[in-house]
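The values are calculated or read from the model by the stated rules, or taken from the named source; none is laboratory data. None of the values given here were measured: they were computed from a predicted structure. Cβ placement follows ideal geometry from the backbone for every residue including glycine, while neighbour counts extend to all protein chains displayed.
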There are 2 protein chains.
Amino acid sequence: MTSLLRGNAVVGQAGGPTVVINQSLAGVIQEVQKYDHIERLLGARHGVVGIMQEDFIDLKRQPSEMLELVAYTPASALGSTRHKPVDKDFERILDSFRKHNVRYFFYIGGNDSAEAAQIINKMAQEANYELRVIHIPKTIDNDLLVTDHCPGYGSAAKFVASAFIGDNQDNRALPGIKINILMGRDAGFITAASILARQREDDGPHLIYVPERSFCVARFVEDVGKIVDKFGRCLVAVSEGIRDEAGVRWTQRVVEEMEARSGRAGTVETDSFGNIQLSGTGTLADYLAGVIRNELGKRKSDLRVRADTYGYLQRSFPAWSEVDAWESRLCGQMAVSYSLETDQDGSVALMRLPGTSYACGTQLVPLQEVAPATEPKTKSLPDEYIAQQGNYIMDQFLVYAGPLVGNLPRVGWFEQVKTGQAYGGGLGPRQ
Amino acid sequence: MTSLLRGNAVVGQAGGPTVVINQSLAGVIQEVQKYDHIERLLGARHGVVGIMQEDFIDLKRQPSEMLELVAYTPASALGSTRHKPVDKDFERILDSFRKHNVRYFFYIGGNDSAEAAQIINKMAQEANYELRVIHIPKTIDNDLLVTDHCPGYGSAAKFVASAFIGDNQDNRALPGIKINILMGRDAGFITAASILARQREDDGPHLIYVPERSFCVARFVEDVGKIVDKFGRCLVAVSEGIRDEAGVRWTQRVVEEMEARSGRAGTVETDSFGNIQLSGTGTLADYLAGVIRNELGKRKSDLRVRADTYGYLQRSFPAWSEVDAWESRLCGQMAVSYSLETDQDGSVALMRLPGTSYACGTQLVPLQEVAPATEPKTKSLPDEYIAQQGNYIMDQFLVYAGPLVGNLPRVGWFEQVKTGQAYGGGLGPRQ
């Protein structure tokens with residue numbers, strides 16, 4: 001064990017919040033409270049922005065009741081940021097660290113945060129400024145490299161699976177076609193989680209489209225038609241990030257077509273790279289519902305078609321997977337432990353232990369493995385989880401995602417009683 | 001007490017499902033199981049459609065474990081219907097009742113169901129066919145006459161309030177303007193429930209627009225601008241049913257404008273009366289976000305504007321208010337009790353007992369009071385709950401709706417620590 005580096009610590013949160021991101025924060029605070037060599041723990045308001053502006057909150061002396069209440073509060077308690085630091089920002093960050101004698105930096109975030117952590121780490125080394133930099137993973141998208149899964153994903157997946165359980169019952173009660181658009185710009189993990197909702201043979205989602213496969217509208221119409229013929233209804237999960245065969249995002253196509261026809265631009269927000277904002281717009285949902293209504297409505301005049309975009313509820317609804325909450329806390333705690341036990345910097349990764357039942361530990365992995373300089377920089381839904389036709393998810397995915405989500409509401413139902421039978425109905429077995 | 005009418009009973013569910021509609025069904029089943037004079041309890045599949053088609057499920061011999069699982073399962077377990085019976089349908093219904101010796105009819109539904117129950121009741125009387133008809137109220141919209149509130153409302157309100165708690169934290173972490181469209185075609189009860197989310201002085205929703213007041217876009221832009229100036233962010237609740245000063249629905253206006261510009265009709269579903277389908281489309285959300293982006297974006301170029309339409313999750317997400325679940329069960333049980341203790345037909349109403357803390361009982365009220373022949377046929381959000389400017393909800397509403405929703409997740413936060421203070425932050429007091 002190397003001798004302990006004395007000084008202060010900074011913790012920050014960045015990127016899209018999750019409902020368990022404060023668990024990681026609480027884990028860092030709890031762990032730091034145990035030690036004397038970290039004198040002050042400064043919470044940076046809105047991530048790197050707070051570091052640059054020296055906007056800090058003293059976190060070491062928070063009472064445990066408050067800590068627990070914050071831990072179970074959705075969305076970054078310190079505030080978050082979408083700001084990607086550039087060269088002179090990094091110099092300001094290092095200056096701020098020097099000024100406040102910061103020797104430990106814990107950064108809770110996704111891909112971009114791991115990259116920022118890596119740059120800060122390198123600059124400190126070059127400047128011979130001794131600094132431990134530990135990245136703590138977080139993203140509902142579940143697309144970080146190395147780690148088995150990401151803190152935040154299990155809770156988002158649980159929200160989606162729960163929502164589909166209710167939506168499937170609703171669709172059963174008033175049969176029709178229901179299309180739900182789910183988050184995930186490039187990775188289909190959140191959308192795939194909808195399959196966890198299934199408890200009965202004819203339960204939805206009946207079709208699942210992820211961004212890892214190109215999306216063809218004609219085939220979509222055909223797929224939906226077949227399910228409607230079979231079950232008299234159809235529940236569909238579609239990722240917001242789906243692209244056409246040419247690799248163009250469908251939301252982009254639909255918005256451009258809409259704007260061209262209406263002669264009105266700027267209806268949907270674009271980022272500084274001109275990428276269309278996929279979440280927080282109902283465009284894709286309305287478009288797909290319209291297509292189905294026009295195409296299948298010819299066959300069946302009383303066809304009921306509805307579409308919802310689950311939107312920001314997926315990352316902010318105040319309910320969580322217990323496993324996810326606990327693992328997020330663990331990642332925060334372990335970040336502090338790793339910073340003491342080794343002079344390695346890195347990113348905390350969750351490592352699933354091989355075996356039949358679920359168990360997971362952590363490991364510190366090099367920052368450049370989580371934020372590499374070359375593609376692929378993120379993880380996609382593995383091929384083995386996607387049905388060959390590209391319109392459904394394979395059962396193996398349940399083994400992967402089931403334990404991360406934990407218990408889900410179970411449904412009951414009544415069946416036709418035949419003479420002599422004691423009763424109809426069944427307890428919903430998890431498939 | 002009159003002598004007990006011997007025969008069979010039918011129970012049905014109609015209209016938009018809720019997450020507690022099966023509690024009322026379970027209440028009916030449980031209560032009927034106690035008595036011998038009701039020989040069979042037939043569950044009509046998809047309401048009046050099942051009665052006409054003699055599509056029944058025997059419900060009296062369901063084991064209690066199954067009953068409880070169904071009770072906590074969202075959306076009408078018997079299936080629902082939007083079919084409004086016409087003259088010859090009612091004759092078929094009466095024929096079906098005669099054929100199956102049905103002497104008790106319990107109909108769980110909203111306004112339309114109360115009306116249908118009333119017609120069936122009258123026809124049976126005219127035909128000298130002895131029949132007890134009891135309507136059991138259900139609607140998330142909370143717009144039924146007479147009853148203090150409607151089974152189903154508390155759970156929808158709880159979903160909305162919970163969602164806003166998370167959304168407010170998300171909006172605080174990444175400040176910007178967030179607009180959420182909520183259900184409620186003509187009544188603002190669901191939208192008003194968003195105010196229950198507030199726990200801190202600067203918490204959102206900061207603006208609430210209900211269909212009981214006309215909605216002016218220019219004033220909306222002004223309102224949002226003021227809040228952004230004050231808090232640097234703004235969280236808004238808007239009812240899907242808002243209308244302009246001329247009484248035209250905004251969704252209708254936006255869709256018509258969109259269709260006129262694009263030359264493409266049929267993008268949004270209309271019902272048989274030509275009314276636009278308000279739920280299940282993101283049109284209004286995207287329109288309002290676009291307006292804010294265009295108008296306020298001039299002042300602030302990095303303005304973050306997002307909009308979500310909560311959609312069908314409001315009535316189907318598998319979580320509930322305990323009070324609502326219990327009262328829905330009670331209404332089902334009491335329907336059966338009333339059918340035995342009196343020869344009056346009617347609708348079960350929830351009656352709040354006067355006093356400071358919450359207590360509620362039931363009462364059987366005449367069907368014509370719940371489904372009158374003349375306007376108003378539904379209840380609106382009372383004037384005393386709506387702020388004078390028409391853009392917010394008054395505190396008195398908390399007294400009305402709070403007990404129906406019950407406990408909500410509490411949030412924690414860290415505040416700046418000043419020297420000498422033990423700690424910053426506070427336990428979120430309910431306001």
- Within the stretch B:334-378, how many residues are under 19 Å from B:D324 (Cα atoms) and among the basic types (K, R)? 1
- Verdict on B:V417 being modelled with pLDDT under 95 and either surrounded by 12 or more Cβ atoms within 10 Å (Cβ to Cβ) or within 14 Å of chain A (Cβ to nearest Cβ) (or both): yes
- Query: Taking the stretch A:1-32 as the search range and keeping residues that are outside any loop (DSSP other than H, G, I, E, B) and out of contact with any Leu (no Cβ under 8 Å at 6 or more places or on another chain), which one is nearest to A:N121 (Cα to Cα)?
  - Reply: A:G7
- Item | Lone unmet requirement of (1) within 21 Å of B:A117 (Cβ to Cβ); (2) in a helix (DSSP H, G or I); (3) within 11 Å of chain A (Cβ to nearest Cβ) for B:G43 | (2)
- State whether the residues of the stretch A:123-140 include one that is within 27 Å of A:V305 (Cβ to Cβ) and aliphatic (A, V, I, L, M). no
- Subset of the stretch A:80-115 (residues that are among the acidic types (D, E) and under 21 Å from A:A127 (Cβ atoms)): A:D87, A:D89, A:E91, A:D95, A:E115
- Does A:I51 satisfy the condition of being under 28 Å from the mean Cα position of the chain (by Cα), crowded, with 18+ Cβ neighbours inside 10 Å, β-branched (V, I, T) and within 9 Å of another protein chain (Cβ to nearest Cβ)? no
- Residue list for the stretch A:294-314, filter: assigned to a helix (DSSP H, G or I) and either more than 7 Å from chain B (Cβ to nearest Cβ) or of a type in the set (S, T, N, Q) (or both): A:N294, A:E295, A:L296, A:Q314
- Just need a number here: residues in the stretch B:63-81 that are within 7 Å of chain A (Cβ to nearest Cβ) and in contact (Cβ under 8 Å) with a residue 12 or more places away in the chain. 8
- Message: So in the stretch B:332-360, with the set limited to residues that are among the hydrophobic types (A, V, I, L, M, F, W, C) and without any contact (Cβ under 8 Å) to a residue 24 or more places away in the chain, which one is nearest to B:S76 (Cα to Cα)?
- Response: B:A359
- Message: Take the residues in the stretch A:365-383 that are of a type in the set (S, T, Y) and within 18 Å of A:G188 (Cβ to Cβ); name whichever of them is surrounded by the fewest Cβ atoms within 10 Å (Cβ to Cβ).
- Response: A:S380
- Just one of A:G402, A:G390 is outside any loop (DSSP other than H, G, I, E, B), more than 24 Å from A:N111 (Cβ to Cβ) and in contact (Cβ under 8 Å) with a residue 24 or more places away in the chain; which is it? A:G402
- Lone unmet requirement of (1) facing chain B (nearest Cβ under 7 Å); (2) modelled with pLDDT of 90 or more for A:G280: (2)
- Task: For residues that are of a type in the set (S, T, N, Q) and not in a helix (DSSP H, G or I), scanning just the stretch B:139-185, find the one that is nearest to B:R198 (Cα to Cα).
- Result: B:N180
- How many residues are on the phi < 0 side of the Ramachandran plot and outside any strand (DSSP E or B) if we restrict to the stretch A:97-138? 26
- Item | Counted residues, the stretch B:46-96 - those being within 29 Å of A:S162 (Cβ to Cβ) and assigned to a loop (DSSP other than H, G, I, E, B) | 16
- Message: Out of everything in the stretch A:133-156 that is more than 8 Å from the chain's Cα centre (by Cα) and of a type in the set (A, V, I, L, M, F, W, C), what residue ends up being nearest to the other protein chains (Cβ to nearest Cβ)?
- Response: A:I136
- For the stretch B:174-186, how many residues meet the condition of being crowded, with 24+ Cβ neighbours inside 10 Å and either among the aliphatic types (A, V, I, L, M) or farther than 19 Å from B:E384 by Cα (or both)? 7
